Structures are given as C-alpha cells and as structure tokens.
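The values are calculated or read from the model by the stated rules, or taken from the named source; none is laboratory data. Values in this document were obtained by computation on a predicted structure and should not be read as measured data. Using ideal geometry, Cβ is built from the backbone for each residue, glycine included, and neighbour counts are taken over all protein chains shown.
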Amino acid sequence: MSKLKEFFPYGEKVPGYDVRVLNEREARAAAGILFIGAFLGLTNGVMLGTAVFSEYFVSFFALDFTIRVIQPRYAPSLLLGRFFVQNQTPEYVGAEQKRFAWLLGMVIAWPMFYYLVIDFQPNPIKVLVCLICMALLFFESAFSVCLGCKIFHLIKKAKPTHCPGGVCEMRIKETVQKFDPVQKFILIVTVIAISYGSYLYMTKLEDRTVLVKKIKVMLMSEEELQKLEEAEYQKELEEFDNDDDF
C-alpha cells in the first residue's frame, strides 16, 4: 500500500524546497537524446525516403511523454538522461511547470503518432510540427529554455518558483551576462548572416539539395504537381527518343 502511495505524488520532495521538484539536468539530457532521435528520423525520411525510423521514434516519443505526465520517475528518456548526468550536481526546478510543458508535448505527440504510424499521411503541416518539436527539444537541451514552462507562467495567477535557469527569481544581470556595443554588433551580424545563408540554401541551391526538392514538391498545388509530372514524362520521352537514335 505504501508503494502505491509513493507512486502518485508528482516530483520529488527535497529539503529546502517548498514545492516538489525535478532535476533539470536530467530533463535537458533527455531532451538532447530525443532531439537526436528526431533528427535521425528526419534525415532518414529526407535522404532515404523511408519513415520507418520516424514511426518507431514517434511511438516512443508519445509513450515517453505520457509516462512523464503520469509519473516522470519511470519515463525511459529521463532515466537515460539520469544515467548520463548522475555524477553532476542536480539543478532542481518546480515539477508543476515541467508537467504542464510535458502535457503540451503529449498533446502534440499522439496526433503525430496517428498520422505517421496508424494512418501515414505526410504533408507540409506535419513536417512543420516535427520541426517545431525538434526546435523545442534543441532549445531545452542547449539553452535550458522551456517554452511550455513560459506558457505556464503566463496562465498561472500565482508566481511560479524554481524555474529552469532561475528565470523566475528577480535578479540583476552580472557583467558576464551583458552585451557591450561591439558584442551587440557581432551578435546582430551573426543572426543576419545565418538567416540570409539559410534563405540562400533554401532558394538558390534548389537543384542541388534533396531536402529543398522534397519541400518544394510537398508545397506544390495539384495543378503544379500535374505540370511537374507532365514535364517529367516529356523528359522521359525525349530520353527514350535519344536512345533510339543510337
């Protein structure tokens, strides 16, 4: 009976904290692991034209986030994360806001499971959702930015505490956290260069990248697809005629 009672409390009770908490280092490590899985699924789909890896990953992702919402101490990805950071000092964050963020992830995961595993219907919207999920996983893993936690802060009347990176507590930035004019200029130039480079990659190199070709086809209308099929058919006829000349 005591084991059953221990299952239901969400988060861990740690001395010195007035709310139940979770280890943010463990969550960040798990986010990095899931990001790698999502990235491999995307690259397999784009380069090899197969969704098998994505089907397995999305199934795992949906199950993992469901377990996180029910009881995170048994979530597979969090246990993997714990294995890698077990020798690091824990960074405790409020369990309540993390549960809300993982609930949003679960809400996204199950429709993706249906459309990628049960009834496979890929389209640009679903690809965009996958890319958003990857971005959220990356931001949590690399920068400890939890978008779901921020949404939780906006809708909750009482001020939350023990947020990732201590962003809930009022404090003054230290010198190492500020930007001087030269650093601001370099930062702005870097962002512009990355944005413009990404734009060139997606537009100017469209005949050289498999990814852009697939995205372009997925975004085409029925009329454009029909014209493309006709053009490819005409090209095949011309190649067949050229072969006959020999």
(message) List the residue pairs whose Cβ atoms are under 7 Å apart, where the first residue sits in the range 173-202 and is in a helix (DSSP H, G or I), the second is modelled with pLDDT of 80 or more and surrounded by 10 or more Cβ atoms within 10 Å (Cβ to Cβ), and the two are 6 or more positions apart or on different chains.
(response) L187/F179
(request) Of all residues in the range 118-150, count the ones that are of a type outside the set (D, E) and assigned to a loop (DSSP other than H, G, I, E, B). (result) 7
(message) Any residue that is at positive phi and either among the hydrophobic types (A, V, I, L, M, F, W, C) or out of contact with any helix residue (DSSP H, G or I) (no Cβ under 6 Å at 6 or more places or on another chain) (or both) - is there at least one of those in the range 92-112?
(response) no
